[in-house]
Each structure stands twice: as C-alpha cells, then as structure tokens.
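None of the figures in this text is laboratory data; all of them are computed from the coordinates on show. Values in this document were obtained by computation on a predicted structure and should not be read as measured data. No Cβ is skipped: glycine too gets one built from the backbone with ideal geometry, and neighbour counts run over all protein chains shown.
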Amino acid sequence: MPIIKSGNLDEKIKDHPETKGWLVGHFVKFDPFFKTNDLEVKWAVHHKGDIKPGAIAKSTAKTLVILIKGKFAVRFPDLGKEIILSKTGDYLAYDASKVMHTAESLEDSVLITIRWPSKR
C-alpha cells in the first residue's frame, strides 16, 4: 500500500521547533518518511525586519533558496554581493563552498530552501 501524507508546513514547524524549519533531511527524527541523506528541505516564514546574522554555509551541500512571497535579501560580505529576492519564484543558488552569508527579511516573506546532499 502506498504511503500518502498531507498536512500544513506551518503547523509541522510549530510541532517540531527543534528542526528550525528543516522538514526533510538526515537529521529528521519526528517522522521516518522525511528522513533521507539525499536532500534537506526547509520551510521558512520571516517577518519584516528579521535578520539572520553571519552564518557559514555547509561545505558539503549545494543550496537553492526559492521565494514564495515577500522580499528577502541575502548578503555575501566576503564576496561583496547582495542578492534581493523580490518576485515570487526568484531564487538564489550557491555551490558547496564555505561561504559566509547574512540575510534580512525586507517584507514578510516565505521561502523554501533545498540543500543536497543531506550529510554532515
């Protein structure tokens, strides 16, 4: 019998705050269906003015960020780059380098982030 699941991502995140919005990946403990080493998926809701301070991207994973709604800035200070996602479907992708980045929600925003592979 096939497994079919449905639900609401906002509720899933509220039920599992320990994941910080990450719903699929090697680290998922709340449901074996979503545990995989192949990729990681994050559902993120940011309010206007939310700031993510400097973080180093995983050196083992490529990253794709897709804007669902809102306006969101990602800055790469070491590279002197700023990417503004402002239209539904805008995306940002970067390779598996250790790259420092910060982020700021310029409007209430919803994003999906996908990383692959899902390994430490």
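Whats the longest run of the chain with zero chymotrypsin sites (Phe, Trp or Tyr not before Pro) that are DSSP loop and have at most 16 other Cβ atoms within 10 Å?
Value returned for the longest uninterrupted segment is 31-120.
Identify all lysines with a Cα-Cα distance to Lys62 below 23 Å; exclude those on the same chain that are fewer than 8 residues away in sequence.
Here the lysines satisfying the reach criterion relative to Lys62 are Lys20, Lys29, Lys35, Lys42, Lys52, Lys71, Lys81, Lys87, Lys98, Lys119.
Residues with amide H under 5 Å of Ser118's amide H, sequence separation 5 or more or different chain, H placed in the peptide plane at 1.01 Å from N; which?
Counting only residues 5 or more places away or on other chains, the set is Asp38, Leu39.
Based on the Cα atoms of the range 38-116, what semi-axes does the equivalent ellipsoid have, where each is the square root of 5 times one gyration tensor eigenvalue, given in whole Å with the largest first?
The three semi-axes for the range 38-116 are 19, 15, 10 Å.
To the nearest 20 debye, what is the magnitude of the charge dipole of the chain about its Cα centre, counting +1 on the Cβ of each Lys and Arg and -1 on the Cβ of each Asp and Glu?
Its charge dipole is roughly 300 debye.
What does DSSP give for the chain in terms of the percent of beta bridges that are antiparallel, rounded to the nearest 5?
On the way: 33 of 34 bridges.
In the chain, approximately 95 percent of DSSP beta bridges are antiparallel ones.
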